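K.L.:
Sharing a structure with you now.
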Amino acid sequence: MPVYWKIDSEAQLFDVQCEGAVGLADLQRMLDAAAASGALHYRKLFDAESADLSLSEDEMMTLGVRLRTLQGTALGPLALVLRDEQAVALSRLLGILAVARRPIKVVRDAASARKWLESRPVLQALSGDTAAVGPTSDVGFQSGRPAT
């Protein structure tokens, strides 16, 4: 599994590391884990610097719809570590993410992402946030290996 995450309830941080080829099913499992663990309101670090985010147009739309279903919940700040070509390729998806009422920043390295996230306040979960997860993947829930 090329997507690994660590959920730190004390720091209220959902730390995601991606490596190699990352597809829709991998990202769906990650979203399932964030929702099921009650971490949607946590600060999120999504580091895809070492990943090949290979999503078709249809898969990007599917992921976009899934992300839109989460917009009624309390979503914590999101720092995305992307290479320039990834940001261009994912521009439509980034547009969907930007619509949510939460801070979002695209950076080039994890250190900058962590520094920015540390400056952001921690949000409180809204009642029922874990139930409002939207459509889940048909792959089922799997936990991720802790990020390093």
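The values are calculated or read from the model by the stated rules, or taken from the named source; none is laboratory data. In this text the structure is predicted, and so the values were computed from the model without any measurement. Cβ atoms come from the backbone with ideal geometry, glycine included; neighbour counts cover every protein chain shown. Just so you know, the surface numbers come from the protein's heavy atoms only, side chains and all, with ligands and any DNA or RNA stripped out. Shrake-Rupley method; radii C 1.70, N 1.55, O 1.52, S 1.80 Å.
K.L.:
So which residues in region 1-40 are of a type in the set (V, I, T), without any contact (Cβ under 8 Å) to a residue 40 or more places away in the chain and open to solvent by less than 20 Å² (accessible area, probe 1.4 Å)?
P.N.:
V22
K.L.:
Right, next: Taking the options G76, G64, G95, name whichever one is assigned to a loop (DSSP other than H, G, I, E, B) and either open to solvent by less than 60 Å² (accessible area, probe 1.4 Å) or touching a Gly at 6+ places or on another chain (Cβ under 6 Å) (or both).
P.N.:
Of the residues listed, the single one that is assigned to a loop (DSSP other than H, G, I, E, B) and either open to solvent by less than 60 Å² (accessible area, probe 1.4 Å) or touching a Gly at 6+ places or on another chain (Cβ under 6 Å) (or both) is G76.
K.L.:
Any residue at all in region 28-44 that's under 22 Å from P121 (Cα atoms), at pLDDT 95 or above, among the hydrophobic types (A, V, I, L, M, F, W, C) and not in a helix (DSSP H, G or I)?
P.N.:
no
Here's the yes/no breakdown for (1) open to solvent by 50 Å² or more (accessible area, probe 1.4 Å); (2) β-branched (V, I, T); (3) closer than 18 Å to R29 by Cβ; (4) in contact with a Ser or Thr (Cβ under 6 Å, 6 or more places away or on another chain):
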position: K44; (1), (2), (3), (4): no, no, yes, no
position: S54; (1), (2), (3), (4): yes, no, yes, no
position: Q71; (1), (2), (3), (4): yes, no, no, no
position: R83; (1), (2), (3), (4): yes, no, no, no
position: Q86; (1), (2), (3), (4): no, no, no, no
position: V99; (1), (2), (3), (4): yes, yes, no, no
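K.L.:
Taking region 27-52 as the region of interest, how many residues are within 22 Å of D84 (Cβ to Cβ) and under 13 Å from the mean Cα position of the chain (by Cα)?
P.N.:
Matching residues across region 27-52 total 6.
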